[in-house]
Structures are given as structure tokens and as C-alpha cells.
1. Taking only protein heavy atoms into account and a 1.4 Å probe, give the accessible area per residue of the chain in Å².
2. For Val20 and Asn207 in the same chain, what is the full-extension length gain: residue separation times 0.36 nm, less their Cα-Cα distance, in nm?
3. Apply the Karplus parameterisation 6.51 cos²θ - 1.76 cosθ + 1.60, with θ equal to phi minus 60°, to every residue of segment 2-17 and state each ³J(HN,Hα) to the nearest whole Hz, in sequence, with x for glycine and proline.
4. Only bridges whose two residues both fall in the chain count here: according to DSSP, what percent of them are antiparallel, nearest 5?
5. Pop the C-beta distance of Leu12 and Asn74 into the FRET formula with R0 = 35 Å and round what comes out to the nearest 0.05.
6. Can you work out the Karplus-derived ³J(HN,Hα) for every residue in segment 37-53? Use 6.51 cos²θ - 1.76 cosθ + 1.60 with θ = phi - 60°, whole Hz, and x for glycine or proline.
7. For the chain, what does the helix formula give at 222 nm: sum of -39500 (n - 2.57) over DSSP H segments with n ≥ 4, over the residue count, nearest 500 deg cm²/dmol?
8. Each residue of segment 171-178 in turn: what ³J(HN,Hα) in whole Hz from Karplus with 6.51, -1.76, 1.60 and θ = phi - 60°, glycine and Pro shown as x?
Amino acid sequence: MTTVNLQDETGLSALARGLVGSEILKVASEIRALTEKGLEICNLTVGDFSPREFRIPEKLEQLITEALAAGETNYPPSDGVKELRQAVVRFFQQSFGLTVPIESVLIAGGARPLVFATYAAIVDPGDKVIYPIPSWNNNHYTYLAGGVPVEIVVTPETNFLPTAEQIRPLVRDARMICINTPVNPTGTVMSRDEVAAIAQLVVDENNRRFARGERPLFLMWDQIYWMLTFGGKRHYTPAELVPESARWTIFIDGISKAFAATGLRVGWSVAPAHITARMRDILGHVGAWAPRAEQVAVARFLGMREDIDRYHQHMIRELQLRLDLLHDGFEQMRRDGLPVRAIAPQGAIYLSAQFQLTGHTNEEIRKLLLDRAGFAVVPFQAFGLKKEDGWFRLSAGAVSPDEIQAGLRRVRAALEAL
Ligand SMILES: Cc1ncc(COP(=O)(O)O)c(C=O)c1O
């Protein structure tokens, strides 16, 4: 038996050395260690669901089993099985009133490969990419593409979303604007007026560039949480308000969040056909296809509007229950004079809460909440924010209402003891 040395850390590429891994996964392993020790933790860290709290739709599960039994187990076409691409075309039309050609639809193993491929197909090294901070992983994808980050630090004053007014002075020499709504990490939703203003801004800038023969500005519109909105909020797409903007928009979507199906790995993008074709070729070399059986099943499931609506009624009720408990709990603490506040739930599976403990960094607050209250949250630093102002993401997909209530009681006690 020979033990080989695989610990030598030399020889990595500059890209690999410079890459920052997922900050949330680091926090997750810390929590796992505490849970294994038997500590009670209200785990609000992962942007995921626990199947104990949120199962995938029963119908979808059944369709996947049937597809596997029918032998749908070999390579899918590199742009996705045709039935699913057709189903996405119909779903897009029913959802947003937009008719797109099938050539604009690409299927992949979740939304991540599609986000990566969007950057790879559009951004050249040195190209400027505009995105808000905090936001999910745009900093990492910009790094991977060799792009130059142009970050807009957003605050509660603009509902943690960038406005057209903030973006306008930055677009002249930019290649892409990246927007996600409903937002991971803040749980906020962009208003109709702002979506329309940003779509119009992209059209105006491209009309100007077109007249001069310059390369266009693109808009990556990540709407992976769009089916999950609460309390009168609604999701809008740029193209339903300003149809011309579709020529420069890459829509990102999928089943991961809308159907609590993060492990099934089915996502889709809708974009101009020539961009879709290159994204397909890029992902073809990675082999980042969605599993064939899942694709066949999702193709059928997307046509079952009644099942989808029924599933969402239940899912949204359960999500809102958890997010409201958190929000109301913190607001009650605030009224009782404790240094905390939260933003009312609007969409996605997240809530923004601020712990105003002056003199403490966000990392210190995170450790304090975890160690003294068994309350696990993610600081906005994990989403690129540098400012230490006490804002955190709370994710509600993997906890029960009882766990939240117990966690809130421990937080109150910990804050009162400070
Ligand atoms: C805004 C946003 N986009 C995309 C993704 C990736 O989704 P998927 O699991 O389908 O790769 C996530 C996952 O957390 C997300 O929050």
C-alpha cells in the first residue's frame, strides 16, 4: 500500500488562485459542526429548502419517476429536449405575454450554468459589468469572465435595488447590467416603474450605439424567484413593459426555487437566438446539461397550470408564514427598544434584518447570534458588501415555524443581555 502526497498546493492557474469560494458554504459547515454537537440551531443560512418543510410538487416527482422508467436516461440534446424548450416558450407566453422563438430557449443544469454562460458569451476581459451590491454572485462571475466590476451599493432607501437614475451615468462604456428581482439576498422586489425605466434606458443606449456601430449593452435579468412574491407585490419583466428591450435581454429562470427543486437541476434562459447558440456551445463543452428524465418531466409539468397554481398557493402561504414570523418578531423587539429592524417580506425566500450593534463588525454579530442564540444568519458581506452596517440575510426555506419562534426567543434574550 502506498500513501501518495496529494496535499501539495503549487501549480494552480492565476484564475484558480484568485477565485473566492462561496462564503455561505463556509458558514454552513460551521453550523453542521455545531448541530452535530447537539446544539439547537435555527438555520437561516442556506438559500435552499429542507424537504421536511418544502417538498417538490408530487406531480413532478411522479413524472420524473415515469420518465426514468421509460428509459429517458441518455444524453439530452445540448440545448435541451425539444418538448421542454417548447414548454418554456408556452410558459413564457402565458406568464409574461411574450412570444419568443424556440431558438432563443436554452436548458441547462440549473440557473448557475446559464448565468456563467451569459457572462462568457457577452463579457470580454476588461468589459465593464454593472450590478448592485449586495447581490448574489455577480462579483464571482465578473471575476471569472475577466470583467471589470461597476458596483452600485444599494440601501433600504431604494428597497435594496438599483434605480435607473443610479445606473444611467454608468452605462456609456458598460457591456452588461445584471439585475435579479425578487432579490437574493434582500427579499425585495423591483417596482413596475423602475423595471420600465431600466428597460427603456437599455433601449436608448443601444439606439445610440447602433447609430455609431458600437457593440451593444446587454441586460441579464435573473428572475429565478419570480413566482414567489407576497403581499400585493408582483414581478415584472423588462420586455413586457418595453418590448424592444428583449433584443438585449438574457432572462434566467428555472425550477430550483419556484418548485423547491434545487437538487433536480433544471434551468432555462431566454435570449436572442445568436447568444443562445453560443451559450449552448460553451455549456456543451462543460456538459452542464439538465438530466434528461428531469427535462422530460418538467416539460410536462410546466403545462399543468392548475397543479402549479395549487402548489404555489401552499408554498407561498408557508413561506410567508415563516418570513412574517421573523419580520414581526424583530419589529416587536424594535418596539421594545432592542437594536434591530427588518424589512417586510416582498418576495423570494429571504428577509433582510439589521442588527444595530455599534462597535461590532458583521462577522462579530454573526458569531454572537450563532454562539449565544443558536441563530444562524448570513451577513451581506457574503454578497459583496464592504460596509459594516449590520445587515443580514435570513433564509426561510429550511426551518419550521416552531424553530423560528424558539430562535427569536433566544435572540431576544441575547440582545437583552448585551
Ligand atoms: C439570484 C439567483 N440566481 C440563480 C441562482 C442559481 O440557481 P440554481 O440552483 O438553479 O443554479 C440562485 C441560487 O441561489 C440565485 O439566488
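The values are calculated or read from the model by the stated rules, or taken from the named source; none is laboratory data. Since this is a predicted model, take the numbers as computed values, not measurements. Ideal geometry is used to build each Cβ from the backbone, glycine not excepted, and the neighbour counts take in all protein chains shown. Just the protein is used for accessible areas: all its heavy atoms, side chains included, with ligands, DNA and RNA removed. Shrake-Rupley method; radii C 1.70, N 1.55, O 1.52, S 1.80 Å.
1. Values: 18480 Å² over 418 residues.
Ligands and nucleic acids excluded, the figure is 44 Å² per residue.
2. Details: separation 187, 0.36 × 187 = 67.32 nm, distance 3.70 nm.
Difference between extended and current length: 63.6 nm.
3. Per-residue couplings from phi come out as 10, 8, 9, 8, 10, 9, 5, 9, 7, x, 6, 5, 4, 4, 5, 5 Hz.
4. Working: 19 of 39 bridges.
So the antiparallel bridges in the chain amount to around 50 percent.
5. The formula returns an efficiency of 0.50 here.
6. 3J(HN,Hα) across segment 37-53, in whole Hz: 7, x, 6, 7, 10, 8, 8, 10, 8, 7, x, 9, 10, 9, x, 5, 9.
7. Details: 14 runs with 179 residues, N = 418.
It comes out at -13500 deg cm²/dmol, rounded to the nearest 500.
8. 7, 3, 10, 8, 9, 8, 10, 10
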